[in-house]
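Have a look at the structure below, then the notes.
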Amino acid sequence: MSQKNVQQFPLLILMANMFIVMTGIGLVIPIMPTIIHDFGAGGKTFGLLIATFAFAQFIFSPIAGDLSDRLGRKKAIVFGLILFSFSQFLFAFSQQLILLYASRIFGGIGAAFMIPSMMAFVADITTVETRAKGMGRLGASMSLGFVVGPGIGGFLSTLGLRAPFFIAGAAAALAVILSILFLKEPERAAMPMTSKKRDPLFKQLALSAKKPYFILLMMMFTLSFGLANYQATISLYTNVKFGFSPSDISMLMVVGGLIGVIVQAFVLDRVLRVFGEVRIMNIMLVVAAASMIGLLFATGFASVLTVSAFFFTAASLLRPAINTTVSKMAGSEQGFAAGMNNAYMSIGNMVGPALAGALFDINMALPYIFGAVIIIITLIICMKWAQSLKRKRRLRTSYQPPSAQ
């Protein structure tokens with residue numbers, strides 16, 4: 001019982017940290033269009049600011065994952081929180097567009113250090129049997145923060161357009177203090193502290209191609225790429241087509257996302273145990289693609305809200321399912337695998353919004369059509385990978401080595 005409590009407390013700290021970070025990321029969604037307008041910029045700048053965060057996260061995720069393995073999870077998490085707090089304050093004080101980009105870069109670096117380190121931390125304090133539950137709770141905090149963030153941002157913006165960023169920066173600073181005081185480094189297999197030079201990013205990406213979980217990393221990329229087409233342009237789409245206000249967009253993101261969070265927090269572990277990760281991935285990929293096409297047929301707030309509920313439910317189940325499977329296949333390379341997983345996700349989050357913005361300028365329906373196509377491609381990859389796993393298992397079971405007499 002005592003051991004269980006020891007494992008639960010750090011998980012709660014990690015969940016709080018993840019919630020704070022993702023809230024800070026999410027609160028920018030309803031506010032960003034107004035801020036961009038104040039700077040005299042347009043949709044392309046909006047897309048580039050989103051992509052800049054993801055680009056910094058992509059560049060530093062493998063490095064952060066490696067440092068997490070070598071120097072410890074706690075140090076990486078605290079360092080990431082400090083950078084994230086600084087990025088929020090920088091955004092709040094920015095009077096020039098270049099400083100907004102700088103803020104997004106620091107925020108992306110901070111996320112690169114925090115997110116894979118938290119995932120690896122959960123892997124360290126859970127067993128293979130309880131890992132899905134731990135990842136599900138961490139994922140629930142991630143989703144809850146991201147979907148509540150827009151609502152908090154819309155509410156706090158009534159106090160001033162920059163007020164949400166001051167509060168997010170202060171919350172992240174508080175998380176730094178709590179992590180330093182109460183978060184203890186988890187016990188794990190020691191890694192040799194060698195003087196070997198760290199591999200460059202692209203060499204690590206090449207190395208990841210040789211890992212048994214590489215197909216899952218590719219699925220994370222295509223999934224993030226497709227989902228980003230929806231998430232990056234939903235505020236613009238609903239504003240242009242239906243005239244949604246920032247408060248409408250906030251309510252849409254919060255209510256739709258909360259449904260997904262509830263499903264993830266209370267249903268994820270059970271459905272993964274009953275149906276397995278692969279089957280859940282396949283089903284939720286179909287739901288995500290159908291939601292993206294369904295948005296094009298929405299006629300108002302109620303129908304958009306319904307479609308968004310299905311979409312966020314699918315996204316909330318897909319990412320933890322992939323994360324859990326990668327973690328199970330990573331063995332002692334939890335930090336590297338989590339860093340690579342975050343890097344591939346960042347590539348999708350980086351390319352997706354930039355392309356979605358360009359497609360939106362051509363026709364506002366194109367991001368959702370193209371995103372659905374990408375999700376279907378992800379489904380095909382998942383099905384082919386599952387079939388190859390079944391063939392390998394049949395070969396293992398069919399070959400029975402002669403027993404010693």
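Of all residue pairs spaced 6 or more apart or on separate chains, those with beta-carbon atoms under 7 Å, a first member in the range 38-59 that is within 22 Å of residue 342 (Cα to Cα) and a second member that is part of a helix (DSSP H, G or I) and β-branched (Val, Ile, Thr) are 52/105; 56/105; 56/109; 58/347.
Looking only at the range 246-255, decide whether some residue is modelled with pLDDT under 80 and outside any helix (DSSP H, G or I). Checking the range 246-255: not a single residue is modelled with pLDDT under 80 and outside any helix (DSSP H, G or I). Of all residue pairs spaced 6 or more apart or on separate chains, those with beta-carbon atoms under 6 Å, a first member in the range 208-224 that is over 18 Å from residue 65 (Cβ atoms) and touching a residue at least 40 places away in the same chain (Cβ under 8 Å) and a second member that is surrounded by fewer than 20 Cβ atoms within 10 Å (Cβ to Cβ) and not polar (S, T, N, Q) are 215/385; 219/381; 222/377.
Just one residue in the set 303, 346 is of a type in the set (Ser, Thr, Tyr) and touching a residue at least 60 places away in the same chain (Cβ under 8 Å); that residue is 346. Scanning the range 141-185 for residues that are within 28 Å of residue 249 (Cα to Cα) and among the polar types (S, T, N, Q) yields 141, 143, 157, 158.
Looking only at residues in the range 305-323 that are hydroxyl-bearing (Ser, Thr, Tyr) and crowded, with 24+ Cβ neighbours inside 10 Å, the one that is farthest from residue 214 (Cα to Cα) is 308.
Residues in the range 108-134 that are of a type in the set (Gly, Ala, Ser), more than 12 Å from residue 335 (Cβ to Cβ) and more than 13 Å from the chain's Cα centre (by Cα): 110, 132, 134.
As for the range 343-357, it holds at least one residue that is surrounded by fewer than 24 Cβ atoms within 10 Å (Cβ to Cβ), more than 21 Å from residue 205 (Cβ to Cβ) and either of a type in the set (Ser, Thr, Tyr) or more than 17 Å from the chain's Cα centre (by Cα) (or both). Of the set (1) in contact with a Leu (Cβ under 8 Å, 6 or more places away or on another chain); (2) not in a helix (DSSP H, G or I), all apply to residue 32 but (2). The C-beta contact set for the range 320-339 (first residue touching a residue at least 40 places away in the same chain (Cβ under 8 Å), second residue surrounded by fewer than 21 Cβ atoms within 10 Å (Cβ to Cβ) and among the basic types (Lys, Arg), distance under 7 angstrom, 6+ apart or interchain) comprises 324/131; 327/131; 328/131. When the residues of the range 260-291 are filtered to those that are more than 24 Å from residue 389 (Cα to Cα) and touching a Ser or Thr at 6+ places or on another chain (Cβ under 6 Å), which remaining residue is surrounded by the fewest Cβ atoms within 10 Å (Cβ to Cβ)? Filtering the range 260-291 for residues that are more than 24 Å from residue 389 (Cα to Cα) and touching a Ser or Thr at 6+ places or on another chain (Cβ under 6 Å), the one surrounded by the fewest Cβ atoms within 10 Å (Cβ to Cβ) comes out as 263.
Matching residues to (1) touching a Lys or Arg at 6+ places or on another chain (Cβ under 9 Å); (2) crowded, with 19+ Cβ neighbours inside 10 Å; (3) modelled with pLDDT of 80 or more; (4) farther than 21 Å from residue 225 by Cα:
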{"site": "38", "(1), (2), (3), (4)": "no, no, yes, yes"}
{"site": "42", "(1), (2), (3), (4)": "no, no, no, yes"}
{"site": "56", "(1), (2), (3), (4)": "yes, yes, yes, no"}
{"site": "64", "(1), (2), (3), (4)": "no, yes, yes, yes"}
{"site": "73", "(1), (2), (3), (4)": "yes, yes, yes, yes"}
{"site": "90", "(1), (2), (3), (4)": "no, yes, yes, yes"}
{"site": "107", "(1), (2), (3), (4)": "no, yes, yes, no"}
{"site": "115", "(1), (2), (3), (4)": "no, yes, yes, no"}
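Say we look at the range 150-188 and pick out the residues that are in contact with a Phe, Trp or Tyr (Cβ under 7 Å, 6 or more places away or on another chain) and not hydrophobic (A, V, I, L, M, F, W, C); which of these is surrounded by the fewest Cβ atoms within 10 Å (Cβ to Cβ)? Only one residue tops the list, namely 186.
Quick grid of which residues meet (1) outside any helix (DSSP H, G or I); (2) at pLDDT below 85; (3) more than 24 Å from residue 109 (Cβ to Cβ):
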position	(1), (2), (3)
307	no, no, yes
312	no, yes, yes
316	no, yes, yes
323	no, yes, no
336	no, yes, no
339	no, yes, no
351	no, yes, no
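When we screen 190, 206 for residues that are out of contact with any helix residue (DSSP H, G or I) (no Cβ under 6 Å at 6 or more places or on another chain) and modelled with pLDDT of 80 or more, the only hit is 206. If you check 232, 265, 170 for being aliphatic (A, V, I, L, M), at pLDDT 85 or above and touching a helix residue (DSSP H, G or I) at 6+ places or on another chain (Cβ under 9 Å), only one passes: 170. Considering 104, 73, 137, the condition of being under 21 Å from residue 20 (Cα atoms), of a type in the set (Lys, Arg) and free of Cβ contacts under 8 Å to residues at least 60 places away in the same chain is satisfied by 104 alone. Is it the case that the range 292-302 has a residue that's at pLDDT 85 or above, part of a helix (DSSP H, G or I) and loosely packed, with under 14 Cβ neighbours inside 10 Å? Scanning the range 292-302, I find at least one residue that is at pLDDT 85 or above, part of a helix (DSSP H, G or I) and loosely packed, with under 14 Cβ neighbours inside 10 Å, so the answer is yes.
The values are calculated or read from the model by the stated rules, or taken from the named source; none is laboratory data. None of the values given here were measured: they were computed from a predicted structure. Heads up, the Cβs are rebuilt from the backbone with ideal geometry, glycines too, and the neighbour counts pull from every protein chain shown.
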